[in-house]
Every structure is written in C-alpha cells, then in structure tokens.
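S.K.: Input: one structure, supplied below.
The values are calculated or read from the model by the stated rules, or taken from the named source; none is laboratory data. Quick caveat, the model's predicted, so the values are computed rather than measured. Here the Cβ is made from the backbone with ideal geometry for all residues, glycine too, and neighbour counts use every protein chain on show.
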Amino acid sequence: MVKRRKRIYTENTQLRDLMKNIEKKIIKHLKDRGWDNLRPSDIAKSIMIEGAELLELFQWENLPLKDIKRDKKKVNEIKKELADVLIYTIEMAVLLGIDSEKAILEKLDHVNKKYPAKLMRKDSKGDPGTGEDSDYWRIKKDYRKNGKKS
Ligand SMILES: [Mg+2]
C-alpha cells in the first residue's frame, strides 16, 4: 500500500513537473514574440483550425487504430497537427491563468464518474460508442435531456 501510494505520488509529481515545464516554455514562446496578449477568441479559432487540419488527415478514410499505427508517415503527420492543437490549447490555459493539470485531472474525474469503466468495457467489443443502444449513448442522452453539457 505504501509502495503504491509512493508510485502514485511520484507519477503525480512527474505529471505536475511536466505540465509546469511545458507551461513555462509556452509562456516564454508567447512573450518572446509579443503574443502574450492574444484574444482568447483568436486562440479558440486556432484550436479549431488546427483540429480541422488533424481531421483532414482522415478525410475519405475510416481506418482502425492498428492500420493507422502501421503507417509511420501518417502517424508523423498526426503528431504535428496534434502538437498544434495542444500548443494552442495550453496557450489559452496559461493566458487565462487556468491550471492545465488541475483542469485535466478534474475533467478526467468527471468523465470517470459519468462513464464508469466497468460499464464502458462491456460496450467496447466493437467500435466504442457506435451502437445506438450502448450504455455510452444512454448516459450521453440522459445528460443532454437533463440540460447537462459536459
Ligand atoms: Mg497545423
């Protein structure tokens, strides 16, 4: 038990250090270029534009994970667009004073409660979330019906 707690503590500390290091680099990147006063709406647009560039890589195809992973050129292109999305996302967080690590962990906790792992694993035989009668869609529809968005 003590060993497990130490491992979790170490993992959390490493994650915190990693996030803080990335945030510092992004703040420097913005300040060095005089971009540290960007409008949040412009960053939101940039996140979506880069997200569209990521999505474009999958235009006219719907390959499963294992096939995409085999295509090293494709994975490299995905990596670049994903980095664009992540950088703009963290830029938004640092400029608004949002703690990225805290925001991610809070949201993960929320999603873990919303979609219990045991229930989701039951549905995960085929493509996740594709069956209209899946627990995933039942939970999502219940949330929307009750006016919850996240
Ligand atoms: Mg791009």
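S.K.: Can you spot a residue in region 86-103 that is in contact with a Pro (Cβ under 9 Å, 6 or more places away or on another chain), farther than 26 Å from E11 by Cβ, at pLDDT 95 or above and not charged (D, E, K, R)?
M.R.: Yes, some residue in region 86-103 is in contact with a Pro (Cβ under 9 Å, 6 or more places away or on another chain), farther than 26 Å from E11 by Cβ, at pLDDT 95 or above and not charged (D, E, K, R).
S.K.: Determine, yes or no, whether D127 is at negative phi, acidic (D, E), surrounded by 14 or more Cβ atoms within 10 Å (Cβ to Cβ) and modelled with pLDDT under 90.
M.R.: Considered against the rule, which asks whether it is at negative phi, acidic (D, E), surrounded by 14 or more Cβ atoms within 10 Å (Cβ to Cβ) and modelled with pLDDT under 90, D127 comes out as no.
S.K.: As an exercise: evaluate I90 against (1) over 18 Å from the mean Cα position of the chain (by Cα); (2) within 16 Å of the ligand (Cβ to nearest atom); (3) crowded, with 16+ Cβ neighbours inside 10 Å and give the number of the one condition it does not meet.
M.R.: Failing condition for I90: (1).
S.K.: Still on this structure, I have one more. Please list, ordered by residue number, the helices (runs of 4 or more DSSP H) wholly in region 1-86 having 1 or more residues that are farther than 16 Å from S100 by Cβ and within 15 Å of the ligand (Cβ to nearest atom).
M.R.: Filter on region 1-86 gives 40-56.
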